[in-house]
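The values are calculated or read from the model by the stated rules, or taken from the named source; none is laboratory data. Everything numeric here is computed off the predicted structure, so don't read it as measured data. With ideal geometry, Cβ positions are generated from the backbone for all residues, glycine too; neighbour counts draw on all protein chains shown. Heavy atoms of the whole protein, side chains included, go into the accessibility calculation; ligands, DNA and RNA do not. Shrake-Rupley method; radii C 1.70, N 1.55, O 1.52, S 1.80 Å.
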Amino acid sequence: MTGHAVTERLRVDVAIVGGGIAGCSAALHLRRRGLSVCLMEKGALGSQASGVNFGGVRQQGRHFAELPLARRSREVWGRLPELIGTDCEFIPSGHLKLARNEEDLAALERYAADAAEFGLELEMMGRKRVHDEHRWLGENVIGGSLAADDGHANPRLLTPAFGRAARAVGADLREFTPVVETERDGARFRVRCATGLEVSATSLVNTAGAWGGEIAAAFDEPVPIETIAPNMLVTEPLPSFITRAVGVCGGDVYLRQVARGNVVFGGGDGWADSSLERSRPSSETSARAIERALGLVPALQSALVIRSWSGIEGGMPDDIPVIGFSSTTPNLIHAFGFSGHGFQLGPVIGIIIDELVGTGASTSPLGAFDIGRFHGAADLRHVSAANPEQEGAKR
Amino acid sequence: MADPAIAIVGAGPAGIRAAEALSRHGLSAILVDEAPKGGGQIYRQPPDSFQGPASSRYGFEARKASALHLTIKRLATAIDYRPSTLAWNVCDGRLDTLCAGRGESVVFDILVIATGAMDRMLPLPGWTLPGVYALGGAQIALKYQGCAIGQNTVFLGTGPLLYLVAYQYAKAGAKIEAVLDVNPAHAKRRALFALASSPRTLAKGIYYRASLGTHGIAVEEGVTPMGIAGTDEVREVHYRRGSVDKSVRCDAVGLGFGLKSETQLADLVGCRFRFDGESRQWLPERNSDGESTVSGVYLAGDGAGIGGADAAELWGERVGLSIAARCGRRHDASRIAKIDRRLARLARFRAGLERAFPLPLLGSTLPDDTILCRCESIRVGQVKDAIRAFDVVEMNRMKAISRVGMGRCQGRMCGHAAAELLAAETRQDLAAVGRLRGQPPIKPLPMPWPGTP
């Protein structure tokens, strides 16, 4: 039917489509449970949103529905060396979210009060204190809130490291293996790949990121997913001076300095086409992000930008992902559409998927992420974020 | 139909001849060039304050250089010539440029990429010591600044440029301690037949080589470089010839292993690349008209494969004529046929050069503590560890994991050696490990970026 001759057949407990951080973490945890796993990824592991993002390991500023998951994922971040053999350059530098006007500062205060109920302690800082403790900040900053145990890590390492760990315990991870068809086959799923691989599985996990909507649609539950693209830049190495991961209210710029000294920053949208599988940064977006970065950290004046990049990510209209069981098909589990802020969550998403497959339920509250929220809504693109404190770009 | 907007990047032999051919057919172009004066690397013009006849600067090529300089001088008033301008990105029919801190987007329908070549470098122990220069850099110091790179210089590597630069230094009165060619004399003898397809060029090469002897300069062929020694600066070059370890004291080294095409713009605009087994590099594909796989994007000169200055002039004119024909201008078919015949002959000569001066196989022979990627200070051993730890088989994954090629040169300097190392470590062909994808800006750009207030 698809024109691809089947050259290899596999029969497994779980088929995973999409080798980003969520899929690779799921493969590791499912395999550790003793299930047989085949993961299919159309490119290299972590080569889209999971690998090209900002690298923020951030709980602060998240939608309250995501906070319990982010709290749990932060615990996983703390034990990455035991779990996957590397800390992925995770630095718990603290995440400083900055206000550039009084309204933003008031919003930060409200958020801090509410976040405390989820156990996330945020430290409010007025103008004097934020500047005393961060002398590199620009004059336009009037205050901020600090999440002391947030930080940043190297996104290029995280997914390959999870993939390596999953392979080490026997998960079958297939790279450069695009899935062309997913369907129900009696009580099982059948997944066909362009390489001639056909996988028969009891459970199907959809961690296909920007392409997750295609799989959902194949099982009669289409969602209004959009292709989005981060717009990232990096400077030459500079002496270390930016001591925190930094974001702002509104999310139009975010930056961090890595151990080598390069300042990684971003803000705004690049260009991407998920059907062509192409993405690239935009010169205009880059110029604006640079201007805003200079406003936050004036010492970056004249620093050389050595590279910029983008990648492909799925964005949902309400800015939170789809996580949980399918509403149409038993044993189908979705986890996609992280809307630009799945990096910190990724490690725990694999654990949640494993709980769903293994026990039928997760210990984390997933109600807000149910795919059913889009039923009957033909075009939900204009549904506003449930939480006004939500940053626009939270990579 | 209105004439298309044509942009040319690079005012070397190819770019200037393309602009001239277009102009002859009543087509104007925007000619963007990084240098303050036209001529490219090979016919680089000195600053105004420098005097002296062209013959002392360009030797046998003085006539060609002067003719090209005259052409760009004449064209400057007829076309939109933009010197001292960096083209740092291209996308969707738009070239992002920077000139004296000011940014401008050049919109085009047709683009000619004539970005030329740079030195092909191979790392060896000590190659990042102060006092080590690329051969091209050593030549620029002489041509553009009238100075030598050291008091006692060693030239090391391979390729025609090795002998040309040594000859130019000797002629200028600089003291040369040794010329060390990694390729043996018999490689050149075997290539003689192909090289004889351009007898005048061959004769010049033989002359340069012979005149080093008359200046009393030691030329050793078939050497294996072991390293450049020194603490804060170059002190000595160690090498092996046969089974004998040798060294030569010096305070500067000119290092180079032929040339590589500057292909970043072709990459960003989306040209398809092929692996060229002869020169062992990835090159953008072009047809006989010089058009790439992207419609309306043409490639001229060394930027699409090393051919030398004469071929670059011909390719420039050829591309200009192709575009004129595309725009419905009358064109001279016999001129096109003549250019194509000459290009074919030069291609035979080029094949001979590749045989005479093949790029030495590096594989994974370098000691683990040798710096491979100098922008990011990454050593050979670290890269090997990364390859093993993550089962890396492809260049971009290697970059992501090891940071090689992530720095300010984006792998232009270390990319080839990194590919050789990966291929050797994973027992793959060089072509199979792929090539590094480029990202804008193709050269580092200071903050704020042009175009912002």
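Some notes on this structure:
- Note on region B:370-453: enclosed helices (runs of 4 or more DSSP H) holding 1 or more residues that are farther than 25 Å from A:Cys88 by Cβ and more than 10 Å from chain A (Cβ to nearest Cβ) are B:415-426.
- Some residue of region B:73-87 being outside the structural domain of B:Val404 (by TED's automatic domain parsing), within 22 Å of B:Gln439 (Cβ to Cβ) and surrounded by 21 or more Cβ atoms within 10 Å (Cβ to Cβ): yes
So that you can scan it fast, the table gives a plain yes or no per residue for (1) over 11 Å from B:Ala21 (Cα atoms); (2) among the aromatic types (Phe, Trp, Tyr); (3) open to solvent by 60 Å² or more (accessible area, probe 1.4 Å):
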| site | (1), (2), (3) |
| --- | --- |
| B:Ile306 | yes, no, no |
| B:Asp310 | yes, no, no |
| B:Ser322 | no, no, no |
| B:Cys327 | yes, no, no |
| B:Leu343 | yes, no, no |
| B:Ala347 | yes, no, no |
| B:Arg350 | yes, no, no |
| B:Arg355 | yes, no, yes |
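- Among the candidates A:Gly61, A:Gly46, residue that is at positive phi, more than 14 Å from every other protein chain (Cβ to nearest Cβ) and part of a loop (DSSP other than H, G, I, E, B): A:Gly61
- Residue match in region B:292-302 (condition: buried (at least 24 other Cβ atoms within 10 Å of the Cβ) and part of a helix (DSSP H, G or I)): yes
- Residues of region A:253-300 classified as more than 10 Å from chain B (Cβ to nearest Cβ), part of a strand (DSSP E or B) and aliphatic (A, V, I, L, M), total: 3
- A single member of B:Pro130, B:Pro125, B:Pro184, B:Pro199 is of a type outside the set (A, V, I, L, M), open to solvent by 30 Å² or more (accessible area, probe 1.4 Å), free of Cβ contacts under 8 Å to residues at least 60 places away in the same chain and within 30 Å of B:Leu421 (Cβ to Cβ), and it is B:Pro184.
- Every listed requirement among (1) surrounded by 21 or more Cβ atoms within 10 Å (Cβ to Cβ); (2) of a type in the set (A, V, I, L, M); (3) under 24 Å from B:Ala117 (Cα atoms) is met by B:Ala194 save one, (1).
- Which numbered condition A:Pro239 fails, given (1) assigned to a loop (DSSP other than H, G, I, E, B); (2) open to solvent by 10 Å² or more (accessible area, probe 1.4 Å); (3) touching a residue at least 24 places away in the same chain (Cβ under 8 Å); (4) touching a Gly at 6+ places or on another chain (Cβ under 7 Å): (3)
- Any chance A:Gly337 is within 14 Å of chain B (Cβ to nearest Cβ), open to solvent by less than 10 Å² (accessible area, probe 1.4 Å) and either closer than 15 Å to A:Gly212 by Cβ or modelled with pLDDT under 95 (or both): no
- Within the set A:Ala368, A:Ala335, A:Ala361, the sole residue that is more than 21 Å from the chain's Cα centre (by Cα) and hydrophobic (A, V, I, L, M, F, W, C) turns out to be A:Ala361.
- Beta carbons closer than 6 Å, at least 6 apart along the sequence or on distinct chains, pair a first residue in region A:158-180 that is under 22 Å from A:Val52 (Cβ atoms) with a second that is open to solvent by 10 Å² or more (accessible area, probe 1.4 Å) and hydroxyl-bearing (Ser, Thr, Tyr) for A:Thr159/A:Ser50; A:Ala161/A:Thr86; A:Thr177/A:Thr195.
- If you go through region B:99-124 and keep only what is more than 30 Å from B:Leu366 (Cβ to Cβ) and modelled with pLDDT of 95 or more, you end up with B:Val106, B:Val107, B:Phe108, B:Asp109, B:Ile110, B:Leu111, B:Val112, B:Ile113, B:Ala114.
- The combined condition, being closer than 30 Å to B:Tyr208 by Cα, among the small types (Gly, Ala, Ser) and touching a residue at least 60 places away in the same chain (Cβ under 8 Å), is not fulfilled by B:Ala62.
Table: residues versus (1) small (Gly, Ala, Ser); (2) not in a helix (DSSP H, G or I).
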residue	(1), (2)
B:Leu268	no, no
B:Arg274	no, yes
B:Trp282	no, yes
B:Asn287	no, yes
B:Val319	no, no
B:Gly328	yes, yes
B:Arg342	no, no
